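Nothing in this text is a laboratory measurement; each read-out follows from the coordinates by a stated rule. Note that the structure is a prediction, hence the values are computed from the model and not measured. A quick note on method: Cβ atoms are made from the backbone with ideal geometry, for glycine too, and the neighbour counts reach across all protein chains shown.
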Amino acid sequence: MQQKQQTSPKNTRPEPNRRFSIAPMMDWTDRHYRFFARLITRRALLYTEMVTTGAVLHGDHARFLGYSPEEQPLALQLGGSNAAELAQCAALAETAGFAEVNLNVGCPSDRVQNNLIGACLMAHPELVADGVKAMRDACAIPVTVKHRIGINGRDSYAQLCDFVGQVHQAGCTTFAVHARIAILEGLSPKENRDIPPLKYEVVHQLKRDFPQLEILLNGGLTDLDAMQQHVQQLDGVMVGREAYHNPYFMADVDRRFYADETPVLSRLEVMAQMRPYIARHIEQGGVMHHVTRHMLGLFQGLPGARHFRRQLSTAIHQTDQPLALYDQLLQDMEQRLQGRDCERQPA
């Protein structure tokens, strides 16, 4: 569907274009991955990992709210249920320059359930609504919600509509919907990403019943053609694991979803442009693996992909000159891909 450039009454900046976004993923979508992803797609909306309100309010702001300017447009995802704390965090997010603040109502882990965070909040739509209203009152940037289509014991379509309706009444107009229920007892977070069946038709029905809302589809998306079919009826797609494990498939996102014909970087160019970022990270006391662990899928499907992964996941820990290893690996990949016309194209 056509993406609308909306503005908040208090905010003169246009809302981020959510036609294609990369889902928040714990331990994966940190600032290093986001910098890397931004070299492949200029337009996709990026999300942080989920950060709890307690971490934001009582932890290291540079760690939890820090990012590189190149990552924009960038949204902060919060985990929490206390309206006052969510409001404080939303104000901090706006001050830090985030383009959006998103509330996590989808994480099924036991650890967050015990603190009324994540998917268990689907059983408490009034609590989510209170949090959304408080955040909207505290900041001028968009406040959005990411949630499941249900949880065990509350998985009917009528209950989903009740949840969305109550949260919408609090002022939320954008919902990123993971098209699975979450089973809160008996399944691990990993199993909850695979075992409950995907029900894309439920998300499409939600859009038909709430046409005034911006509805984004999340869950199991891997094929750009299929995603483009979905956005003919929905407002956008949010992609998780495929964007992490096969990142260069996003090289065609800007053209397909944003009609942006700007030439994309090749895989080798992405690797070369990551080099100064890695060097700065090391100079600041970091470890190269903190960055390169996110790059293992860059050459997926091409000659040398296994060699690339092995060097960055194993050999990197056996050298005291990681940048020299990286430079040699770039040369190796240039030689392995020499003459391949498809190198610049998504895998």
Along the chain, longest interval not containing exposed GluC sites (Glu not before Pro), exposed being DSSP loop plus at most 11 other Cβ atoms within 10 Å | 1-184
The range 191-260: Cα Rg divided by the 2.2 N^0.38 Å rule of thumb = 1.16
Across the alpha-carbon set of the range 267-337, Rg over Rh with Rh taken as the Kirkwood radius works out to 0.93
Each label sits 7 Å from Cα toward the beta-carbon; between ALA315 and LEU127 the label points are separated, in nm, by 5.1 nm
Label-point separation (nm) for ASP27 and HIS245, each offset 7 Å from Cα along Cα-to-Cβ?
-> 1.5 nm
Return the long-range amide H neighbours of LEU216 (sequence gap of 5 or more, or a different chain), with a cut-off of under 5 Å between placed amide H atoms.
-> PHE175, ALA176, VAL177
Table column - 3J(HN,Hα) (Hz), the range 290-303, Karplus curve with 6.51, -1.76, 1.60, x for Gly and Pro | 4, 8, 6, 4, 7, 9, 4, x, 4, 9, 3, x, 10, x
Point-charge dipole on Cβ atoms (K/R +1, D/E -1) for the chain, about Cα centre, debye to 20 | 280 debye
Quick one: plug the Kirkwood hydrodynamic radius of the range 20-258 (C-alpha pairs) into Stokes-Einstein at 4 °C, 1.567 mPa s, and report D in µm²/s.
-> 73 µm²/s
So who's got an amide H within less than 5 Å of the one on VAL239, skipping anything under 5 residues away but keeping other chains? H placed 1.01 Å off N, in plane.
-> SER21, ILE22, ALA23
Listed by chain and number, the residues whose amide H is under 5 Å from that of ILE151, excluding neighbours fewer than 5 places away on the same chain and using placed H, are ALA182
Which of these, ARG336, ARG256, ARG19, has the largest mean-square fluctuation under a Gaussian network model of the chain (Cα springs below 10 Å)?
-> ARG336
Hits among aspartates and glutamates - C-alpha to C-alpha of LYS207 under 16 Å, sequence gap 8 or more where chains match | ASP162, ASP235
